[in-house]
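The values are calculated or read from the model by the stated rules, or taken from the named source; none is laboratory data. Note that the structure is predicted; figures quoted are calculated from it, not measured. Cβ atoms come from the backbone with ideal geometry, glycine included; neighbour counts cover every protein chain shown.
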């Protein structure tokens with residue numbers, strides 16, 4: 001079926017503004033992505049999965065301007081013992097990064113990998129699989145035009161986390177990053193991400209987890225007010241493997257985080273969670289699609305949003321249980337805390353089940369601060385501002401506790417408290 005003219009024009013305009021990298025092992029995947037993108041078109045506000053979030057500034061040829069703010073606080077994971085790798089406006093900084101050396105882990109830059117490379121069997125593959133039944137064109141654009149990224153191959157238990165630090169130094173920067181992670185059987189890695197990458201940021205990550213592999217992912221998206229970001233995370237899980245991802249988002253004009261998960265091996269576990277805090281001109285969208293295609297698998301989606309001064313939060317989450325995926329345990333909860341009457345939360349939870357021996361549930365709520373809890377704290381001498389902060393932290397706790405490492409939970413809670421303190425000031 002032919003694309004509507006408005007989508008075709010927008011797609012061709014965006015393609016014309018980009019240069020297609022060529023001449024290496026990823027060339028075939030990139031050309032295939034361009035072909036697929038032309039067939040599906042870039043997202044439009046009339047698309048079903050974009051009706052709550054306007055994609056205009058994410059697809060226009062030129063990146064919108066975003067002021068560069070001086071950081072007045074330490075990086076989220078600044079004092080964590082980790083391998084620190086830095087990207088500045090979407091370009092890997094050799095000078096500011098640690099050496100690409102970590103026991104049980106091999107690392108290469110996307111553009112430096114040789115023609116015969118393990119990533120050739122993964123790059124663009126999970127992204128292409130994730131286009132059914134819902135198109136995710138920004139991820140396809142990313143596969144075609146990514147200019148940098150890391151290829152991370154984990155063969156054992158990594159001795160410490162890898163921390164990807166993103167910095168934004170140019171007002172009109174446009175970053176397209178693509179990371180590929182392969183966790184071999186029995187291997188384990190914790191990957192951290194933090195900071196604003198550019199005025200407009202399109203990041204895609206593909207994670208292949210073999211039988212018994214474990215992948216922990218914790219990211220904190222920066223606090224600059226003008227950021228526009230679209231991220232996509234695609235993962236495929238083998239037997240008895242574990243995937244856990246948590247995202248904290250504070251501020252930003254527009255953020256769209258997509259997560260597409262396939263449980264293809266029996267007894268696999270996938271948890272994806274998020275907490276966001278928005279104030280004023282803030283629009284935050286979590287869109288999740290989890291497919292159960294194996295026996296006795298568990299998935300959890302836990303998303304909490306704190307919104308005020310006209311901020312908007314969106315959650316679109318689906319659990320698809322395929323025929324034969326018996327003993328599935330699927331849980332989904334999305335909740336918002338509206339700190340005034342001007343903010344809004346838009347939710348679209350979905351279940352689609354073709355097996356009869358499953359336990360699946362979903363729920364979505366939106367409400368104001370707990371007046372009884374606030375009265376209780378005030379009656380014990382706590383002022384209204386700090387009391388509201390305590391109740392807000394308690395509201396976000398279920399999502400934050402999805403982080404397996406308690407020390408990383410503490411880092412996230414510290415950032416939440418800092419955000420709340422600034423808003424009271």
Looking only at segment 256-278, decide whether some residue is surrounded by fewer than 21 Cβ atoms within 10 Å (Cβ to Cβ), modelled with pLDDT under 95 and under 21 Å from residue 418 (Cα atoms). no
Unique match (being within 20 Å of residue 201 (Cα to Cα) and either in contact (Cβ under 8 Å) with a residue 24 or more places away in the chain or within 21 Å of the chain's Cα centre (by Cα) (or both)) among 13, 29: 13
Give segment 292-317 a look and list any residue that's surrounded by fewer than 22 Cβ atoms within 10 Å (Cβ to Cβ) and more than 27 Å from residue 416 (Cα to Cα), or say none. 293, 295, 296, 298
Count - residues of segment 115-130 that are farther than 25 Å from residue 23 by Cβ, surrounded by 18 or more Cβ atoms within 10 Å (Cβ to Cβ) and more than 16 Å from the chain's Cα centre (by Cα): 0
Determine which member of the set 52, 92 is at pLDDT 95 or above, surrounded by 13 or more Cβ atoms within 10 Å (Cβ to Cβ), touching a strand residue (DSSP E or B) at 6+ places or on another chain (Cβ under 7 Å) and over 29 Å from residue 120 (Cβ atoms). 52
Residue 99: within 25 Å of the chain's Cα centre (by Cα) and surrounded by fewer than 15 Cβ atoms within 10 Å (Cβ to Cβ), yes or no? no
Does residue 46 satisfy the criteria of being out of contact with any strand residue (DSSP E or B) (no Cβ under 6 Å at 6 or more places or on another chain), closer than 22 Å to residue 130 by Cα, outside any helix (DSSP H, G or I) and without any contact (Cβ under 8 Å) to a residue 60 or more places away in the chain? yes
Reported set for segment 383-411 where residues are assigned to a loop (DSSP other than H, G, I, E, B) and closer than 25 Å to residue 332 by Cα is 401, 402, 403, 404, 405
Would segment 181-188 turn up any residue that is touching a residue at least 12 places away in the same chain (Cβ under 8 Å) and under 23 Å from residue 43 (Cβ atoms)? no
Subset of segment 1-44 (residues that are more than 12 Å from residue 145 (Cβ to Cβ) and touching a helix residue (DSSP H, G or I) at 6+ places or on another chain (Cβ under 7 Å)): 10, 11, 25, 36, 38, 40, 41, 42, 43, 44
Out of 164, 138, which single residue is in contact with a strand residue (DSSP E or B) (Cβ under 9 Å, 6 or more places away or on another chain) and within 18 Å of residue 261 (Cβ to Cβ)? 138
Would you be able to tell me the number of residues in segment 196-216 that are surrounded by 22 or more Cβ atoms within 10 Å (Cβ to Cβ) and within 18 Å of residue 162 (Cβ to Cβ)? 10
First in segment 108-134 and at positive phi and touching a residue at least 24 places away in the same chain (Cβ under 8 Å), second anywhere and in a loop (DSSP other than H, G, I, E, B) and surrounded by 18 or more Cβ atoms within 10 Å (Cβ to Cβ), Cβ under 8 Å, 6 or more apart: 124/26
If we ask which residues in segment 218-238 are more than 13 Å from residue 255 (Cβ to Cβ) and either touching a helix residue (DSSP H, G or I) at 6+ places or on another chain (Cβ under 8 Å) or surrounded by 23 or more Cβ atoms within 10 Å (Cβ to Cβ) (or both), their number turns out to be 6
Boolean, residue 155 is out of contact with any strand residue (DSSP E or B) (no Cβ under 6 Å at 6 or more places or on another chain), modelled with pLDDT of 95 or more and surrounded by 24 or more Cβ atoms within 10 Å (Cβ to Cβ): no
Inspect all residues belonging to segment 335-351 and state whether any of them is in a strand (DSSP E or B) and in contact with a helix residue (DSSP H, G or I) (Cβ under 6 Å, 6 or more places away or on another chain). yes
Output the number of the condition that residue 377 fails; it satisfies all remaining conditions of (1) in contact with a helix residue (DSSP H, G or I) (Cβ under 9 Å, 6 or more places away or on another chain); (2) surrounded by fewer than 17 Cβ atoms within 10 Å (Cβ to Cβ); (3) free of Cβ contacts under 8 Å to residues at least 24 places away in the same chain. (2)
From the residues in segment 241-254 that are under 12 Å from the mean Cα position of the chain (by Cα) and at pLDDT 95 or above, which one is farthest from residue 305 (Cα to Cα)? 244
The lone condition residue 325 fails out of (1) more than 22 Å from residue 286 (Cβ to Cβ); (2) buried (at least 17 other Cβ atoms within 10 Å of the Cβ); (3) touching a helix residue (DSSP H, G or I) at 6+ places or on another chain (Cβ under 6 Å) is (3)
